[in-house]
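J.: What follows is a single structure, and I will ask about it in a moment.
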Amino acid sequence: MIFLLSGGLNFKQVAVVDGFYMAVSAALDFPTGGMADKYGRGLMACLGNLFMGLGLLSYGMSRSFPQFLVSEGLAAVGFALYSGALEAWLVDSLRRCGREGDISKVFGTTGLLSFIVSSISSFIGGAIAELGHEKAFLAGSAVSFAGALFVFLAIGRARADAPERRERAYLSYLRRGLRITFENFIVKGLLVVLAFMALAIPSFTLTWAPRLKELGASMWLLGVTSSLLFTSAGLAQYIGGRLVGRIGLKKVALAGTLLISLSFPLMALSPSQVIFIASALLFEVGYGLRSPPIRTWFNRAVPSEERATILSLRSTLLRPLSITGMMIMGALSDYKGFLATYSWGLIISLPACFMLLIIPEPDRN
């Protein structure tokens with residue numbers, strides 16, 4: 001945001017640049033998922049890192065609105081290529097090693113590591129940006145190129161284990177992925193759960209800081225709270241991944257979703273900064289707990305051959321709902337205040353809880 005504004009863009013142009021990224025990544029996510037299943041998940045993840053690096057490199061050298069659009073387009077292609085490919089490879093690799101029971105643990109551990117790495121890289125990126133905003137993007141491009149090389153050397157092409165793969169046409173992956181998505185009850189049910197949550201989550205992520213500031217919080221408290229929220233979400237993912245083996249996918253996912261729903265009325269009615277922060281922590285803990293079981297649940301319900309295709313289709317279907325949730329949140333916050341925004345979050349998240357109760361857990365196959 002700061003780099004774009006310093007480059008002479010206004011807020012409307014910034015919104016167009018961000019919207020362009022979302023539109024391109026959403027449009028390409030599903031077809032690139034089919035490419036991952038057909039031509040290799042490692043290959044697509046490698047290309048994804050490569051295009052992301054090109055986007056960041058271009059960003060560091062961009063100075064005009066059209067150039068920023070090109071940079072966002074390259075980064076969006078990278079995200080679309082990467083999305084779904086690596087997760088599909090990871091799940092199938094664990095299954096081939098006879099470690100399917102560890103999938104949720106791995107998701108929980110990688111979730112925690114992602115938060116740790118994000119925190120460290122944010123600090124490093126900020127320090128580099130002190131030397132020049134564009135230098136942070138150039139450093140990011142170097143990391144992405146290194147990531148592409150690492151995937152190439154460590155994973156390789158990583159094609160799916162399907163004896164008929166060579167004979168199958170690329171479009172058959174897309175057609176079967178669509179059919180499975182809209183015919184499999186578990187997949188459809190989980191998509192409904194994720195759809196409700198995609199509409200509800202922006203009511204927290206985009207409002208907690210303004211609401212806490214409204215309660216009189218200083219800037220240093222906002223910074224400390226942000227760190228607490230990230231840390232709690234990461235730790236909750238780690239714990240959630242391990243709880244699955246003890247109490248099952250459904251109970252952990254339901255517990256996490258209920259905590260999210262409970263946090264909305266508590267945040268809306270919080271009379272003090274301390275109570276609000278505690279309520280916000282409930283949201284992040286719930287968000288973290290539910291992530292590993294739902295990802296595991298979803299992956300168990302889809303076949304190996306079309307796994308990346310269906311994971312990418314999930315992303316394509318949910319992204320417009322996230323944007324819709326942001327728009328609803330913005331309108332409610334502007335015209336009705338935080339109470340209406342958090343009430344919306346509660347109302348729209350509760351159906352996800354009921355839906356989780358009726359979705360069966362898939363057999364391990």
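J.: Output the number of residues of region 323-365 satisfying the condition of being under 18 Å from the mean Cα position of the chain (by Cα), over 13 Å from residue 193 (Cα atoms) and polar (S, T, N, Q).
T.: 1
J.: Can you go through 236, 209, 268, 278 and tell me which one is touching a helix residue (DSSP H, G or I) at 6+ places or on another chain (Cβ under 6 Å), part of a helix (DSSP H, G or I) and modelled with pLDDT of 95 or more? First the steps, then the outcome.
T.: Values: 209 fails: modelled with pLDDT of 95 or more; 268 fails: modelled with pLDDT of 95 or more; 278 fails: touching a helix residue (DSSP H, G or I) at 6+ places or on another chain (Cβ under 6 Å).
None of the others qualify; the one that does is 236.
J.: Does region 179-195 contain any residue that is of a type outside the set (Val, Ile, Thr) and modelled with pLDDT under 85? Show your work before the answer.
T.: First, pick out the residues of region 179-195 that are of a type outside the set (Val, Ile, Thr): 179, 182-185, 188-191, 194-195.
This time we only want the ones that are modelled with pLDDT under 85, so: none.
No: region 179-195 contains no residue that is of a type outside the set (Val, Ile, Thr) and modelled with pLDDT under 85.
J.: List the residue pairs whose Cβ atoms are under 9 Å apart, where the first residue sits in region 111-123 and is more than 14 Å from residue 233 (Cα to Cα), the second is β-branched (Val, Ile, Thr) and surrounded by 13 or more Cβ atoms within 10 Å (Cβ to Cβ), and the two are 6 or more positions apart or on different chains.
T.: So the pair list comes out as 121/143.
J.: Can you confirm whether region 165-174 contains a residue that is assigned to a loop (DSSP other than H, G, I, E, B), more than 21 Å from residue 30 (Cβ to Cβ) and in contact with an Asp or Glu (Cβ under 9 Å, 6 or more places away or on another chain)?
T.: Narrowing region 165-174 to residues assigned to a loop (DSSP other than H, G, I, E, B): 165-169.
Then drop every residue that is not more than 21 Å from residue 30 (Cβ to Cβ), which leaves 166-167.
Checking the rest, the ones that are also in contact with an Asp or Glu (Cβ under 9 Å, 6 or more places away or on another chain) come to none.
No, the conditions are met nowhere in region 165-174.
J.: All but one of (1) part of a loop (DSSP other than H, G, I, E, B); (2) of a type outside the set (A, V, I, L, M, F, W, C); (3) buried (at least 19 other Cβ atoms within 10 Å of the Cβ) hold for residue 53, so report the exception by its number.
T.: Status for residue 53: all satisfied but (1).
J.: Hand me the list of helices (runs of 4 or more DSSP H) wholly inside region 56-148 holding 1 or more residues that are more than 23 Å from residue 45 (Cα to Cα) and in contact with a helix residue (DSSP H, G or I) (Cβ under 6 Å, 6 or more places away or on another chain).
T.: Working: elements: 65-82, 85-96, 103-129.
Those helices (runs of 4 or more DSSP H) span 65-82, 103-129.
J.: Moving on. Which condition does residue 98 not pass, out of (1) surrounded by fewer than 23 Cβ atoms within 10 Å (Cβ to Cβ); (2) at negative phi, if it passes all the others?
T.: (2)
J.: Could you list, in sequence order, all residues of region 210-255 that are polar (S, T, N, Q) and over 26 Å from residue 271 (Cβ atoms)?
T.: Initially, region 210-255 is screened for residues polar (S, T, N, Q), giving 218, 225-227, 231-232, 237.
237 - this is the single residue of region 210-255 that is polar (S, T, N, Q) and over 26 Å from residue 271 (Cβ atoms).
J.: Identify the single condition in (1) over 20 Å from the mean Cα position of the chain (by Cα); (2) buried (at least 17 other Cβ atoms within 10 Å of the Cβ) that residue 44 does not satisfy, given that it satisfies every other one.
T.: Going through the list (1) over 20 Å from the mean Cα position of the chain (by Cα); (2) buried (at least 17 other Cβ atoms within 10 Å of the Cβ), residue 44 breaks only (1).
J.: Pairs needed: first member in region 202-224, more than 12 Å from residue 274 (Cα to Cα); second member anywhere, part of a loop (DSSP other than H, G, I, E, B); C-beta distance under 9 Å; at least 6 residues apart or different chains.
T.: Matching pairs, first to second residue: 209/217; 211/270.
J.: Would you please name the residue that is modelled with the lowest pLDDT, looking only at residues in region 301-343 that are of a type in the set (Ser, Thr, Tyr) and more than 29 Å from residue 208 (Cα to Cα)?
T.: This residue is 304.
J.: Can you confirm whether residue 187 is under 28 Å from residue 40 (Cα atoms), in a helix (DSSP H, G or I) and under 19 Å from the mean Cα position of the chain (by Cα)?
T.: Working: under 28 Å from residue 40 (Cα atoms): yes; in a helix (DSSP H, G or I): yes; under 19 Å from the mean Cα position of the chain (by Cα): yes.
Yes.
J.: Mind telling me which of the residues 231, 257 ends up being modelled with pLDDT under 95 and of a type in the set (Ser, Thr, Tyr)? Lay out the reasoning, then the answer.
T.: Details: 257 fails: modelled with pLDDT under 95.
Sole residue among the options that is modelled with pLDDT under 95 and of a type in the set (Ser, Thr, Tyr): 231.
J.: Being more than 14 Å from residue 261 (Cα to Cα), out of contact with any Gly (no Cβ under 6 Å at 6 or more places or on another chain) and among the aromatic types (Phe, Trp, Tyr) is the filter here, so list the residues in region 171-204 that pass it. Talk me through it step by step, then tell me what you get.
T.: Filtering region 171-204 for residues more than 14 Å from residue 261 (Cα to Cα) gives 171-192, 195.
Filter again for out of contact with any Gly (no Cβ under 6 Å at 6 or more places or on another chain), leaving 171-172, 175-192, 195.
If the condition is that a residue be more than 14 Å from residue 261 (Cα to Cα), out of contact with any Gly (no Cβ under 6 Å at 6 or more places or on another chain) and among the aromatic types (Phe, Trp, Tyr), then 182, 185 are the ones that fit.
J.: In region 295-312, how many are more than 12 Å from residue 35 (Cα to Cα) and in a helix (DSSP H, G or I)? Working first, answer last.
T.: First pass over region 295-312, keeping only residues more than 12 Å from residue 35 (Cα to Cα): 295-304, 311.
Next, only the ones that are in a helix (DSSP H, G or I) stay: 295-301, 311.
Of the residues in region 295-312, 8 are more than 12 Å from residue 35 (Cα to Cα) and in a helix (DSSP H, G or I).
The values are calculated or read from the model by the stated rules, or taken from the named source; none is laboratory data. This is a predicted model, so every value here is computed, not measured. All Cβ positions, even for glycine, are placed from backbone atoms using ideal geometry, and neighbour counts span all protein chains on display.
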